[in-house]
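What follows is a set of notes on a single structure, which appears directly below.
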Amino acid sequence: MPKQEGQKSKLLALLRIFEQQTDENHLLNVPQLVELLEAQGIRCERKSVYSDIEALGALGYDIKLRRGRGGGYFLASRTFDLAELKLLVDAVQASRVVSGTTSRRLIHKLEKLCSNYEGSQLQRQVYVEGRPKTDSKSLLYSIDALHEAINNGKMVEFLYRKADSREKEKRIVSPWQLAWENGCYYLIAFADEKGIRHYRVDKMSGVRVLDVPRRGQEQFADLDLPAYLRKHFGMYGGPEHRVTLRCTADLQGAMRERFGTTPMFLPEEDGSFHFDVPICVSDQFYGWVCGFGGKIEVVAPPEVRQGMRQVAARLAEQHQ
């Protein structure tokens, strides 16, 4: 091997040793570095290793020396620190739209961004109640195709699985926005005859970018996306109503978190408050109300109030 080519290989091998086998709790001295390089078939002298460490420093790698007993060199800073990697791992594991197989593959890649010793700490199990993993294997490719279509202003075609069914329908829409809501990815798009619609990305398959300019620019120019997401509980849709909710006083924070600062909270004599908000009423909405254990009352309109009573009656029967 020519001397220059061997030197380049040695420098890269040394960098990988620092990346994989050192951190601030695991140091390597020069004799140990020489031994590890020789184990890879790269013979060298101690003096050349010192020069290589200086060269890596000049290239921007933060290699530190800790002196004293048990001292040595280590890679002191990386693109992500361990706490940031743990946060990313938790987010991947907690997401129900990322399959178990994809989660493991992503976490394995994240492990390569820290030392082998720190990588073992990334094998964490995050339990999220009631949040099973999706079995979608094509989710990442669907998201990539949708981003491509949005960036290039093109329409898309895909097969969409109906709710509570294995049947799929072909859809052709104009994509405008991807949103993350309640642990799921959604495509916000313009469907020619139906207007603005949303689709769960994990229910899509065979996403294909069409060489057709997307439509719906006028409709999306005036879209308030945060308001749209708040209105469509769980993004399941349903008929839209102006709903009046009465809540106990301790729910003001929760209601502000859900609906933002737009609704006007009107206080009542008993300390509770009520407000009006546009909602696409669905079973998801009724379930959300029931989840507060009677602290929220649907006051109006009558048809939504009646629907809430029917849901409450069914739940009461199930608990008898």
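The values are calculated or read from the model by the stated rules, or taken from the named source; none is laboratory data. Being a predicted model, the structure only gives us computed values, none of them experimental. Don't worry about glycine lacking a Cβ; one is built from the backbone with ideal geometry, like all the others, and counts go over all protein chains shown. What goes into the accessible areas is simple: the full protein's heavy atoms, side chains included, and nothing from ligands, DNA or RNA. Shrake-Rupley method; radii C 1.70, N 1.55, O 1.52, S 1.80 Å.
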Self-check item: segment 44-113-segment 191-211 distance, computed between alpha-carbon centres (Å)
Solution: 40
Exercise. First select every other residue whose beta carbon is under 12 angstrom from the beta carbon of Asn25; then total the charges, Lys and Arg +1, Asp and Glu -1.
Key: -2
Practice problem: Sort segment 226-320 into rounded, prolate or oblate with this rule: let a ≥ b ≥ c be the square roots of the eigenvalues of the Cα gyration tensor; rounded if a/c is under 1.5, and if a/c is not under 1.5, prolate when a/b is larger than b/c, oblate otherwise. | Solution: oblate
Self-check item: Förster radius 25 Å - calculated FRET efficiency between Cys290 and Phe80, Cβ distance, rounded to 0.05
Solution: 0.05
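Just the number please: accessible area per residue for segment 168-320, 1.4 Å probe, all protein chains included, in Å².
Normalised by residue count, the accessible surface of segment 168-320 is 56 Å².
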Self-check item: ³J(HN,Hα) computed for each position of segment 26-31 - Karplus, 6.51 cos²θ - 1.76 cosθ + 1.60, integer Hz, glycine/proline x
Solution: 9, 10, 10, 8, 5, x
Exercise. Give me the number: length gained by fully extending Asn116 to Gln219, i.e. 0.36 nm times residue separation minus the C-alpha to C-alpha distance, one decimal in nm.
Key: 32.0 nm
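Hey, can you rank 294-305, 17-28 by average C-beta count inside 10 Å, highest first?
The densest-packed peptide leads the list: 17-28, 294-305.
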Practice problem: Give the angle, between 0 and 90 degrees and rounded to the nearest 10, that separates the Cα long axis of helix 46-58 from the longest principal axis of the Cα atoms of the chain. | Solution: 40
Exercise. Quick one: pull the percent of accessible area on the chain belonging to carbon and sulfur, 1.4 Å probe, ligands and nucleic acids left out.
Key: 48
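For the chain, what is the charge dipole size about the Cα centre, in debye to the nearest 20, if Lys and Arg each add +1 at the Cβ and Asp and Glu each add -1 at the Cβ? Don't skip to the end; give the middle numbers.
On the way: 46 positive and 42 negative charges, 214 e Å.
Dipole about the Cα centre, nearest 20: 1020 debye.
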Practice problem: Please report the relative contact order for the chain, taking Cα pairs under 8 Å with a sequence separation of at least 6, and give it as a percent rounded to a whole number. | Solution: 11
Self-check item: Charged-residue dipole, Cβ positions (Lys, Arg, Asp, Glu), segment 1-101 about Cα centre, Debye nearest 20
Solution: 220
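Could you work out [θ]222 nm for the chain from helices alone, using -39500 (n - 2.57) per DSSP H run of at least four and dividing by all its residues? Round to the nearest 500 deg cm²/dmol.
-12000 deg cm²/dmol
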Self-check item: Inter-label distance, nm, simple model (7 Å from Cα along the C-beta direction), Arg67/Arg208
Solution: 6.9
Exercise. Rounded to the nearest 0.05, what FRET efficiency do Leu59 and Glu24 give with R0 = 25 Å and r taken as the Cβ-Cβ distance? Could you check?
Key: 0.75
Self-check item: Extended-chain gain in nm, criterion 0.36 nm per residue less alpha-carbon gap, Glu303 and Arg258
Solution: 13.9 nm
Practice problem: Would you mind checking the pairs Lys170/Lys203; Lys109/Lys154; Lys86/Lys109; Lys64/Lys109 and listing those with alpha carbons more than 21 angstrom apart? | Solution: Lys109/Lys154; Lys64/Lys109
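For Lys47 and Arg161, FRET efficiency with R0 = 56 Å and r from the beta-carbon atoms, rounded to 0.05?
Calculated transfer efficiency: 0.30.
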Quiz item: Amide H of Ala300: which non-local residues (sequence gap of 5 or more, or other chain) have their own amide H closer than 5 Å, using H built in the peptide plane?
Solution: Thr244
Practice problem: Could you tell me how many degrees, from 0 to 90 and to the nearest 10, lie between the Cα long axis of helix 302-318 and the main elongation axis, the longest principal axis, of the Cα atoms of the chain? | Solution: 70
Self-check item: By accessible area with a 1.4 Å probe, ligands and nucleic acids excluded, highest first: order of Ser272, Ser48
Solution: Ser48, Ser272
